[in-house]
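A.B. asks: What follows is a single structure, and I will ask about it in a moment.
Please treat every number below as a calculation from the coordinates, not as lab data. Note that the coordinates shown come from a computational prediction; the quantities given were computed from them, not determined experimentally. Backbone-built Cβ (ideal geometry, glycine too); neighbour counts: all protein chains shown.
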């Protein structure tokens, strides 16, 4: 018999295989064409096993996105070096853009679904965005000795540049989202002085 600890390890491993298979399927065929049966087959489990971990296809997608973005955000914060405000914000945006560039088909589905998610996922995604916003505002306050309301407004500007560049790239309107983001950010920072 499996011990409680071994069952937990096995359950986590199964969940990870399902998420990996889902990411691959989403990347290969897109959200609409992906089905739970093929994800289960690729993960080497039954469809019932997939449904014991995730409510439905949308829950599977949201989980994959949330966890990927959480890991990306951890990576963006981890590599701290002595950077200017502009360099640090470009590093943060660049880390996320690099994630999306690795899987553009998946990224389109993930972005669309995360922007229009329903609870509880909408709350979880909003909390992620709020955490990044607070971090960006804190960076602005430290670099520019700005007031809290100015820093919060700057955080909103950061996201407007970030999402504009991301959407322009995903829709094929701009080949270099980081380059576009950097131009918008640089122009904004020059106007602040």
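A.B. asks: From the alpha carbon gyration tensor of the chain, can you work out the equivalent ellipsoid semi-axes (sqrt of 5 times each eigenvalue) and give them in Å, largest to smallest? Before the final figure, lay out each step's value.
C.D. replies: Values: eigenvalues 256, 72, 38 Å².
Working through the eigenvalues yields semi-axes of 36, 19, 14 Å.
A.B. asks: Working out 0.36 nm times the residue gap between residue 142 and residue 176, then minus their Cα-Cα distance, what length gain in nm do you get to one decimal? Please list the in-between numbers first.
C.D. replies: Values: separation 34, 0.36 × 34 = 12.24 nm, distance 2.90 nm.
Taking residue 142 through residue 176 to full extension adds about 9.3 nm, to one decimal.
A.B. asks: For a quick check: sort 141, 37 by the number of other beta carbons within 10 angstrom, fewest at the front.
C.D. replies: Values: 141 17, 37 11.
So the ranking, lowest neighbour count to highest, is 37, 141.
A.B. asks: Quick one, can you get me the convex hull of the C-alpha atoms of the stretch 53-96 expressed as volume per residue in Å³?
C.D. replies: 56
A.B. asks: So what is the 222 nm mean residue ellipticity for the chain from helices alone, if each DSSP H run of at least 4 adds -39500 (n - 2.57) and you divide by all residues, rounding to the nearest 500 deg cm²/dmol?
C.D. replies: It comes out at -28000 deg cm²/dmol, rounded to the nearest 500.
A.B. asks: Still on this structure, I have one more. Could you work out the relative contact order of the chain, using alpha carbon pairs under 8 angstrom and six or more residues apart, expressed as a whole percent? Walk me through the intermediate numbers first.
C.D. replies: On the way: 143 pairs, mean separation 34.0, N = 193.
After rounding, I find 18 percent.
A.B. asks: Among 52, 3, what is the fewest-to-most ranking by other Cβ atoms within 10 Å? Don't skip to the end; give the middle numbers.
C.D. replies: Values: 52 13, 3 8.
The fewest-first ordering by Cβ neighbours comes to 3, 52.
A.B. asks: Students often check this: by mean Cβ neighbours within 10 Å, which of 131-137, 111-117 ranks highest, and how do the rest follow? Don't skip to the answer; put the middle values down first.
C.D. replies: Working: 131-137: 17.9, 111-117: 15.1.
Those peptides, ordered most packed to least, come out 131-137, 111-117.
A.B. asks: When only alpha-carbon atoms are used, what values of Rg and Dmax, in angstrom, describe the stretch 1-98?
C.D. replies: Radius of gyration, then largest Cα-Cα span, for the stretch 1-98: 17.2, 57 Å.
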